[in-house]
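What follows is a single structure, written as structure tokens, with notes after it.
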Amino acid sequence: MLTIASDIEVLARFGRALADPIRCRILLALCQAPAHSVELADALGISRTRLSNHLACLRDCGLVVTVPVGRRTRYELADERLGHALDDLRTAVVAVEADRA
């Protein structure tokens, strides 16, 4: 059973992951399809070193996992529900902003 403290920790990790625009872009890209780091770096227009640092944060937050594919590593969302959660969060914020206008 989750406690309030562990619920808070989970939300804090999720917030930390979303606190950086590059990490948000990575998550949105992985919502579309799993990808190798070279593909992600090229698609996002960032260096592999910078991407690696952001992927490490996302792994530490429990949002992204690695899958070995031969000698390469593929990245994907840790759970498909994360994609739905990100979409729900994005559309909820857009709806609130629309209501303000």
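Residue pairs whose Cβ atoms lie under 8 Å apart, separated by 6 or more positions or on different chains, with the first residue in the range 5-34 and closer than 15 Å to Ala78 by Cβ and the second surrounded by fewer than 16 Cβ atoms within 10 Å (Cβ to Cβ) and of a type in the set (Val, Ile, Thr), are Pro34/Val67.
For beta carbons closer than 9 Å, sequence separation of 6+ or different chains, a first residue in the range 39-53 that is closer than 14 Å to Leu28 by Cα and a second that is of a type in the set (Phe, Trp, Tyr) and modelled with pLDDT of 95 or more, the qualifying pairs are Leu40/Tyr75. A Cβ distance below 8 Å, combined with a sequence gap of six or more or placement on separate chains, defines the contacts here; from the range 71-95, residues that are farther than 17 Å from Arg59 by Cα reach no residue that is at pLDDT below 90. Taking Ser37, is it touching a helix residue (DSSP H, G or I) at 6+ places or on another chain (Cβ under 9 Å) and of a type in the set (Ser, Thr, Tyr)? Yes; evaluated as a whole, the condition is true for this residue.
Okay, residues lined up against (1) among the polar types (S, T, N, Q); (2) farther than 23 Å from Ser6 by Cβ:
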position	(1), (2)
Cys24	no, yes
Leu28	no, yes
Val38	no, yes
Val67	no, yes
Thr73	yes, yes
Ala78	no, no
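The values are calculated or read from the model by the stated rules, or taken from the named source; none is laboratory data. The shown structure was predicted, so the numbers you read here are calculated from the model rather than taken from an experiment. Neighbour counts are summed over all protein chains in view; Cβ atoms, including those assigned to glycine, are modelled from backbone coordinates with ideal geometry.
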